[in-house]
Every structure is written in C-alpha cells, then in structure tokens.
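**Student:** Sending over a structure as structure tokens; questions will come in a sec.
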Amino acid sequence: MIHLHTLDNGIRIVTEPIENYRSAAFGLWIDAGSADETKENNGIAHVIEHMLFKGTKTKTARQLADEITSIGGNLDAYTTREYTCFSAHTLDIHLHHAIDIIADMVKNSLILEEDLQKELGVILEEIDMYEDDPEELISDLMHQAVWRNQPMGFLISGKKEVVRKFTRRDVLNFMDEYYVGTHMVISVAGRFNEPEIVDVIKKAFGSIPPVKGIASNVDDENTKESLTVDFKAETKAAACAAPVYYQSKVFKQKQLEQMHLSLAFPCIPYDHKDQYVYHIVDSIIGSNQNSRLFQEIREDQGLTYAIYSYSSSFKKCGIFQIYAATNPAQLFQVLNEIKGVFQRLIDHPVTEKELTLTKAQIETELMIAAESTQSRMESNGDALIYHSKIDTLDKILKDIDNISLEDVHQFIKNYILDVMPSICVVGDLTQVNIQAVEKWRLYE
C-alpha cells in the first residue's frame, strides 16, 4: 500500500512497503533543474549535483565513497530540466544508512572553492563528451531551438563559458533558494517498516528549512498522512507560464560518418488527461520494434540502423520527437519515407489489432517494472513531484485498457497530423542538399 505524508517543513514523502522483497530504494527529488536557471547561472543545478559528492562537515569525498560502497555502491544522482534527483538502491538492512548518507550530503556539504574548481574541470569534459555524442547533441539543439531564449531550452549541463566562471557563492545561492523543504519530494519503496522509516526521514531531513530564510520547526507528532498531499503553498508549476514553442530548422556542421536527423512536434504536458494515449501513439509510431517507423524504414527498406520516436513531457509543455541516423546520401530518402509513414497514418489509420498489441506491450512493461523497488521508487517520486498524487498500478492498467481506438485517432489528429514539425540535422552538411531539406515538408 502506498502512503503519503507531508512534513511540517513542506517535504512530501511517498512510501511503498513491499514485505516480500529484500531490497529497498530511496530517492530525494529537488524541484529545480536547468529550467529554473538564468543565462548567467545556466548549469548550476548540474554542478551542485556533482559537488554534493565532494565531502561534508564530517566526511571527506573518499569517506563518502567508502560508505556508498559499503551499502552496495548503488548511490546515483542526475539532473534534468525540471528536477535533480539523488537515489540509493540497497538491501533493506542498509536503508537507514543510505538515507543518512544522502541527508548528510544535502545538508552538510562543504562546497569548498578548491574542490569546486577541480570539479568544474570534470564537468567541462562532460560537456565535451555530450558534444561528441550525436544523439545527445541533436536533442540539445532541438530543445534550444524550439524553446529559444527560454529556460526550458537551456542546456542541462550549461555552456562552457558560463560554467567555468562559477564560484562557491553561486552554488550556495542556488542551494539556498531551492534546497528547501517546499522544493523536496522523498520516495521510498521496498522492504521496511513504514512508521519507522518515516521517523528516520523526519530525523534526517526535518531540520531543512521550508523556504529560503525560514528555519524549520518540525513536530514529530504532527506529520500529515493521507492519500492526497495537503501542503498549501503554491507550486512552482502553477506559478510559471508555459514556454512558447517555436517551429524551427537547425543545421549543424559536424564531421561525422552518418547524418543525424530529428523531427519535433509540440505536444502535451506530463499531467495531461491523454498522457497514456500519448504513450500508445508513441509506441505505435516509433518507440518499439513493431512500430511503423521501425518496420517500414529500418526493416523493410534497410535505410537506417537507428530510427525511433520518443515522448518528452514536462510540467507545462511537451514535445514528441523522431530520431534517425543514416548515410548522408540517404537522408532525403529517409525524410520522404517518414513522410510516407505519416501519410499512411491518414490513409490507413491505427487498427484495433495495433492498439491491442500496444496495450499488451505497455501493460507488460509496467507490470515487470513494478517488480523492481528502484522502478517503483522512481515512478512514485516522479508522479508526486509532477502532479502531487499517486495512481496505483491497477488504476493505471485500467486507464490504459479503457483507451479506445477513437481516443488514439483523435490524439493523432490533434497533435500529429497536419502539424509542421521542427527539423534538426547534424553531420557533414557538405554531403547533403541543404536547400532541398529546408524546403522539405512533412505534409504538402
């Protein structure tokens, strides 16, 4: 059974005890990512993610690494456009220790200037690594283009000329603003005693202030527990307007063997009522091996090794993307084959058989994922940080099962058909007819 709590300092907690498991997973979400930055501090959330591993008031970076290793070495962290996450997956007997390690990192990291300057060098190398990865690069270029000059389009890693100038004060200022209770979500799943683990979390994180400049005064007897979050503060999602989407064309010269292509359509946010319909449409069009794009362009034509679609939904916006990598001589042919796939969505709409197969695939993936404490922890945490409620697996499966063919056709009509996508091409542009690509249209 899933339990929801809200501490007096605003930290929201979701717990899912699973008695017959031997592992447990813990995650801390900070409701802040690159979309919360400015041009002057773009990349700072990602820098903080790195710096929290560099030592605390009581432990050196090496001692932290040793403690992480002692519980199985599965402590991870990552930064997205809208949040930063620190998580641990370990045996149930080590769960308390994992919680204490992450709490120590968040509350007591030293952020020494000397350590920061060393780590910035590591991050600059990471930025170069992304630049050398065409799939990462083309995704970043597309986000920058469609949300131009808006925080949603900022690089998660930041630009090198900005990142290399960061100081300790820059890091602390961002942490003071966002590493507070009202911007935190905690998720725990696996084997543990539920009341006990909530008490451990309160003791570990209860001293964190609710907002910048206000000290916390947590009453251990006053934890709210319900199936809906009862915290009254206005959420960041409610306060911010949706970013404006710009239909764009981007061409980047890069000396590569293949030509890399991305198409992007504006689509729905995370909390939209058609989110599960979106997953089904994505799956039918291109996100699995029996999808139309994969079967018709890779399997039947042999024009690409990699071609797939994927959905990206955020708090106030979303985009649906298609990625393909091919020989430069075949780029225009691939574009026209994609056009053919979309034309057949009109001439030969999704069938009941496709819908049934796709539902079965998605439902199977969800049920298999539910057998992982790590997956349950991540799913519950994502749901809570994005829309403050948790749907049970049974409800999700029922909602998917209730999706009709008409729902799928209507979604495709509303968000895919006759929508001119943005286009991004990365590779040796001297080998392709750029003017022809610029004139290409998905729909005539």
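The values are calculated or read from the model by the stated rules, or taken from the named source; none is laboratory data. Remember, it's a predicted structure, so these values are computed and weren't measured experimentally. As a convention, Cβ positions derive from the backbone with ideal geometry for all residues, glycine included, and neighbour counts pool all protein chains shown. When the accessible area is computed, the model is the full protein with side chains, heavy atoms only, and any ligands, DNA or RNA have been set aside. Shrake-Rupley method; radii C 1.70, N 1.55, O 1.52, S 1.80 Å.
**Student:** Can you return the lysines within cross-link range of LYS57? Criterion is Cα-Cα under 23 Å, with same-chain partners fewer than 8 residues away left out.
**Tutor:** LYS107, LYS118, LYS202, LYS203, LYS212
**Student:** Between GLU161 and HIS272, what is the FRET efficiency for a Förster distance of 41 Å, r being their Cβ-Cβ separation, to the nearest 0.05?
**Tutor:** Once rounded, the FRET efficiency stands at 0.65.
**Student:** What is the sum of charges around THR358, taking Lys and Arg as +1, Asp and Glu as -1, for the other residues whose C-beta is under 13 Å from the C-beta of THR358?
**Tutor:** Local charge sum for THR358: -4.
**Student:** Sorted by packing (mean other beta-carbon atoms within 10 Å per residue), highest first, where do 402-415, 282-295 land?
**Tutor:** Top of the packing list down: 282-295, 402-415.
**Student:** Taking a probe of 1.4 Å, how large is the accessible area per residue of the stretch 314-444, in Å²? All intermediate terms of the calculation are to be shown ahead of the outcome.
**Tutor:** Details: 6150 Å² over 131 residues.
Counting only protein heavy atoms, the per-residue value for the stretch 314-444 is 47 Å².
**Student:** May I pose another question? Before anything else, pin down the relative contact order of the chain: Cα pairs under 8 Å, at least 6 apart, normalised by residue count, whole percent.
**Tutor:** Result for the chain is 22 percent.
**Student:** If you don't mind, another one. Across the stretch 314-321, in residue order, what do the Karplus-derived ³J(HN,Hα) couplings come to in whole Hz, using 6.51 cos²θ - 1.76 cosθ + 1.60 with θ = phi - 60° and x for Gly and Pro?
**Tutor:** After applying 6.51 cos²θ - 1.76 cosθ + 1.60, I find 10, 5, 10, 7, x, 9, 10, 10 Hz.
**Student:** Compute the Rg/Rh shape ratio of the stretch 308-436: radius of gyration over Kirkwood radius, all on alpha-carbon atoms.
**Tutor:** Taking Rh as the inverse mean 1/r over Cα pairs, Rg/Rh reads 1.04.
**Student:** What does the C-alpha gyration tensor say about the overall shape of the stretch 32-122? Classify as rounded when a/c is under 1.5, otherwise prolate if a/b is larger than b/c, or oblate.
**Tutor:** Because a/c hits 1.5 or more and a/b fails to exceed b/c, the stretch 32-122 counts as oblate.
**Student:** Related question: Considering amide H positions built from the backbone, and no H for Pro or chain starts, which residues 5 or more places from LEU256, or on another chain, come under 5 Å of its amide H?
**Tutor:** Hits under the 5 Å cutoff: ASP428.
**Student:** If you don't mind, there's one more thing I want to ask. Provide the gained length on full extension for the span LEU393 to ARG344, in nm with one decimal, where the gain is 0.36 nm per separating residue minus the Cα-Cα distance. Write out the running numbers ahead of the final one.
**Tutor:** On the way: separation 49, 0.36 × 49 = 17.64 nm, distance 3.39 nm.
Between LEU393 and ARG344, full extension yields 14.3 nm more.
**Student:** Can you run phi through the Karplus equation (6.51, -1.76, 1.60; θ = phi - 60°) for the stretch 41-57 and list ³J(HN,Hα) in whole Hz, with x for Gly and Pro?
**Tutor:** 10, 4, x, 5, 4, 5, 5, 4, 3, 5, 5, 5, 9, 9, x, 10, 5
**Student:** Further question on the same structure: Apply the a/c threshold of 1.5 to the C-alpha gyration tensor of the stretch 231-360 and tell me whether it is rounded, prolate or oblate.
**Tutor:** It comes out oblate by the Cα gyration axes.
**Student:** Less than 14 Å apart at the alpha-carbon level, and either on another chain or at least 8 residues along: which aspartates and glutamates does that give for LYS254?
**Tutor:** Cross-link targets: ASP128, GLU131, ASP132, ASP133, GLU135, GLU136, ASP428.
**Student:** For the chain, build the charge dipole from Cβ charges (+1 Lys, Arg; -1 Asp, Glu) around the Cα centre, then report which of PRO209, THR79, TYR246 sits farthest towards its positive end.
**Tutor:** The listed residue farthest towards the positive side: TYR246.
**Student:** Could you please report the charge total around ILE111, scoring K, R as +1 and D, E as -1 over all other residues with beta-carbon less than 13 angstrom from its beta-carbon? Mind showing how you got there, number by number?
**Tutor:** Details: positive: LYS54, LYS57, LYS107, LYS118, ARG168, ARG169; negative: GLU49, GLU113, GLU114, ASP115, GLU119, ASP170, ASP176.
Net charge in that neighbourhood comes out at -1.
**Student:** While we're here: Show which aspartates and glutamates lie in cross-link reach of LYS353 when reach means a straight Cα distance below 12 angstrom and same-chain residues fewer than eight apart are skipped.
**Tutor:** Those aspartates and glutamates meeting the cut-off do not exist here.
**Student:** Binning at 10 Å from 0, report for the chain what percent of all alpha-carbon pair distances ends up in each bin.
**Tutor:** Distribution as computed: 4, 19, 27, 26, 17, 6, 1 percent.
**Student:** For a protection proxy built on the mean count of beta-carbon atoms within 10 angstrom, sort 90-103, 60-73, 158-171 highest first, please.
**Tutor:** 90-103, 158-171, 60-73
**Student:** Can you pull the percent of the chain's accessible area that's carbon plus sulfur, 1.4 Å probe, other chains left in place?
**Tutor:** 49
**Student:** Fully extended, how many nm does the chain gain between SER375 and GLU363 (0.36 nm per residue separation, minus their Cα-Cα distance)?
**Tutor:** 2.9 nm
**Student:** Determine the calculated [θ] at 222 nm for the chain from helices alone, applying -39500 (n - 2.57) to every DSSP H run no shorter than 4 residues and normalising by the residue count; nearest 500 deg cm²/dmol.
**Tutor:** -12500 deg cm²/dmol
**Student:** So, for the stretch 95-147, what is the accessible surface per residue at a probe of 1.4 Å, expressed in square angstrom?
**Tutor:** 41
**Student:** While we're on this one: Shape of the stretch 1-78 from its Cα gyration tensor (a ≥ b ≥ c, root eigenvalues): rounded if a/c is under 1.5, otherwise prolate when a/b > b/c, or oblate?
**Tutor:** oblate
**Student:** Through the Karplus equation 6.51 cos²θ - 1.76 cosθ + 1.60, θ set to phi - 60°, convert the phi angles of the stretch 21-32 into ³J(HN,Hα) values in whole Hz; use x for Gly and Pro.
**Tutor:** Coupling constants for the stretch 21-32: 9, 10, 10, 8, 10, 10, x, 10, 9, 9, 6, 7 Hz.
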